[in-house]
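Colleague: Would you mind keeping the following structure in view while I ask a few things?
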Amino acid sequence: MKRTATAVAHANIALIKYWGKADERVVIPRTSSLSLTLDGLATRTTVSFTDQQSDTLQLDGAVQFGEPLRRVSHFLDHVRQLAGIKEHASVASHNDGPTAAGLASSASGFAALAVAASAAAGLELDGRALSRLARRGSGSACRSIFGGLVIWHAGHDDVTSFAEPLRCPIQLAVLVAQVNTGPKPVSSRDAMRATVQTSPLYEAWVQRSAADLEDALRALRTGDLGRAGELFEANALGMHATMIAARPAIVYWQPGTLRTLAAVREARDAGLPVWATMDAGPNVKVITSVERAAEAAAWLSGRLEDVPVTVNRCGPAARLISEDERG
Ligand code: PMV
């Protein structure tokens with residue numbers, strides 16, 4: 001059995017969102033979702049199964065205890081069960097971007113962990129099986145197993161809920177406007193649960209989301225970025241509306257969020273193909289075409305002097321890397 005493995009995975013940004021679980025234990029979502037894996041915001045994770053007494057976790061060089069360690073250890077229990085092994089593991093992970101700031105670090109993190117831990121445990125899993133494994137760590141992580149445009153089929157149980165790559169005729173880019181990269185006040189896990197349980201708007205969003213996904217896939221297939229962009233923005237703002245209507249309300253937005261959203265609307269009025277999306281945090285991601293990405297980033301940076309804007313393109317699938325590539 002190979003005892004150590006290192007993997008790299010990239011963050012993905014949902015174009016049609018995942019928000020809310022039908023089954024919390026194995027992470028089955030209420031809705032299917034669509035995402036783009038980015039070329040930036042990577043996580044690099046090394047997993048070594050050893051004869052140590054318990055699992056250990058280092059994140060960007062800092063030893064972790066409490067909830068982060070518990071979550072990783074729980075995930076490793078599932079890997080151990082699949083592989084029929086008992087050894088504990090040391091896990092060391094490095095993020096390119098800020099952790100837990102709503103910039104999809106849990107997606108890249110659990111995708112890299114799934115690929116590294118399964119290989120180190122001697123499992124040989126195909127893409128679908130890896131996506132099902134990553135899903136248990138963090139739902140959105142199942143989409144980071146694949147590169148480019150990815151659909152996560154909600155399914156109804158562990159076997160039928162998996163991600164799959166799709167061909168994308170439009171070359172998309174995602175600008176990340178970093179309003180605030182500090183840790184978010186409420187985890188997406190807790191925020192989702194509260195929304196599902198208390199928001200009177202939640203069921204309406206779930207219903208609409210299925211139609212949004214179908215319409216967005218059709219728009220992408222026919223090369224209609226304008227229609228797809230409208231759907232991406234509406235779906236994300238609708239998701240935030242469900243949270244704002246939860247009791248008590250969950251509001252991730254900050255003043256810089258509103259300024260960025262306004263700048264995106266102005267850029268659109270000025271003829272740029274830009275549409276906003278947001279996850280569980282105050283940062284705004286802007287979907288555009290690769291051809292217009294640099295122009296759109298320069299335009300937004302000019303309006304938002306204190307909000308750094310980075311350009312991300314379509315990125316690759318999660319993969320194992322060799323000793324030499326670890327860096
Ligand atoms: O994977 P989680 O549990 O961190 O959920 C993330 C959910 C959103 O990022 C808000 C939306 C999505 O589809 O990625």
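The values are calculated or read from the model by the stated rules, or taken from the named source; none is laboratory data. Note that the coordinates shown come from a computational prediction; the quantities given were computed from them, not determined experimentally. Reconstructed Cβ throughout: ideal geometry from the backbone, glycine too, with neighbour counts over all protein chains shown. Surface accessibility is based on the protein's heavy atoms, side chains included, excluding ligands, DNA and RNA. Shrake-Rupley method; radii C 1.70, N 1.55, O 1.52, S 1.80 Å.
Colleague: Where both partners of a DSSP beta bridge lie in the chain, what percent of those bridges are antiparallel, to the nearest 5?
Modeller: Around 90 percent of the beta bridges assigned by DSSP in the chain are antiparallel ones.
Colleague: Quick one: Cα convex hull volume of segment 176-226, Å³ per residue?
Modeller: 134
Colleague: At 20 Å minimum axial length over the Cα atoms and a Kyte-Doolittle cut of -1.0, report the qualifying DSSP H helices in the chain, or say none.
Modeller: Length and hydropathy pass: 66-83, 105-120, 202-221, 225-244, 255-269.
Colleague: Right, something else. Run the quick spin-label model on residue 60 and residue 126: label points 7 Å from Cα toward the beta carbon, then report their separation in nm to one decimal.
Modeller: 3.8
Colleague: Give me the dipole magnitude in Debye, nearest 20, for segment 51-179 about the Cα centre, with unit charges on the beta carbon: positive for Lys and Arg, negative for Asp and Glu.
Modeller: In debye, rounded to 20, segment 51-179 gives about 280.
Colleague: Stretched out fully, how many nm does the piece from residue 291 to residue 52 gain, at 0.36 nm a residue minus the Cα gap?
Modeller: 80.9 nm
Colleague: Could you grab the relative contact order for segment 152-274? Cα pairs under 8 Å, six or more apart, rounded to a whole percent.
Modeller: 26
Colleague: Return the distance in nm (one decimal) between the two label points of a simple spin-label model at residue 96 and residue 227, each offset 7 Å from Cα along Cα→Cβ.
Modeller: Distance between label points: 3.3 nm.
Colleague: Where the accessible area of segment 48-201 is counted over protein heavy atoms with a 1.4 Å probe, how much of it, in %, is carbon and sulfur?
Modeller: Answer for segment 48-201 is 52 percent, counting heavy atoms of protein chains only.
Colleague: Counting only C-alpha contacts under 8 Å and six or more residues apart, can you give the relative contact order of the chain as a whole percent?
Modeller: Reported relative contact order: 24 percent.
Colleague: Looking at 201, 134, 112, which one has the Cα that reaches farthest to the positive end of the dipole of the chain (charges on Cβ: Lys, Arg +1; Asp, Glu -1)?
Modeller: It is 201, whose Cα lies furthest towards the positive end.
Colleague: Shifting gears a bit: For a Förster distance of 41 Å, can you work out the FRET efficiency between the beta-carbons of residue 247 and residue 166, rounded to the nearest 0.05?
Modeller: In this case the efficiency is close to 0.65.
Colleague: Let me ask another. Calculate, for the chain, the solvent-accessible area per residue in square angstrom, rolling a 1.4 angstrom probe over the heavy atoms of the protein chains.
Modeller: That works out to 42 Å² per residue.
Colleague: Then there's this: What's the long-distance tail for the chain, i.e. % of Cα pairs beyond 25 Å?
Modeller: 48
Colleague: Sort all Cα-Cα distances of segment 188-327 into consecutive 5 angstrom bins from zero, then give the percent of pairs in each bin up to the one containing the longest distance.
Modeller: Bins of 5 Å from zero give 2, 9, 16, 17, 17, 15, 13, 7, 3, 1, 0 percent of pairs.
Colleague: Using +1 at the Cβ of each Lys and Arg and -1 at the Cβ of each Asp and Glu in segment 233-292, identify which of 283, 236, 251 lies farthest towards the dipole's positive end.
Modeller: 251
Colleague: Any idea what the relative contact order of segment 248-327 is, in percent, if you count C-alpha pairs under 8 Å spaced at least 6 apart?
Modeller: The normalised contact order for segment 248-327 reaches 23 percent.
Colleague: Please report, in debye to the nearest 20, how large the charge dipole of the chain is about its Cα centre when each Lys and Arg carries +1 at its beta carbon and each Asp and Glu carries -1 there.
Modeller: 400
Colleague: What translational diffusion coefficient, in µm²/s and rounded to a whole number, does the Stokes-Einstein relation yield for segment 86-167 at 10 °C and a viscosity of 1.306 mPa s, taking the hydrodynamic radius as the Kirkwood radius over Cα pairs?
Modeller: Roughly 120 µm²/s, to the nearest whole number.
Colleague: In cubic angstrom, how much convex hull volume per residue do the alpha carbon atoms of segment 80-234 span?
Modeller: 155
Colleague: Using just the C-alpha positions of segment 249-327 as equal point scatterers, what log10 of I(q)/I(0) does the Debye formula give at each q in 0.13, 0.26 1/Å?
Modeller: Values returned for q = 0.13, 0.26 Å⁻¹ are -0.50, -1.28.
Colleague: Which is the longest part of the chain that has none of the GluC sites (Glu not before Pro) sitting in a DSSP loop with at most 12 other Cβ atoms within 10 Å?
Modeller: By the stated rule (loop sites, at most 12 other Cβ atoms within 10 Å), 125-290.
Colleague: Right, another one. Would you check the chain for Lys pairs whose C-alpha atoms are within less than 25 Å, ignoring same-chain pairs closer than 8 in sequence, and give me the count?
Modeller: 6
Colleague: Looking at segment 151-217, which trypsin sites (Lys or Arg not before Pro) are in a loop (DSSP not H, G, I, E or B) and have at most 11 other Cβ atoms within 10 Å?
Modeller: Filter output for segment 151-217: 167.
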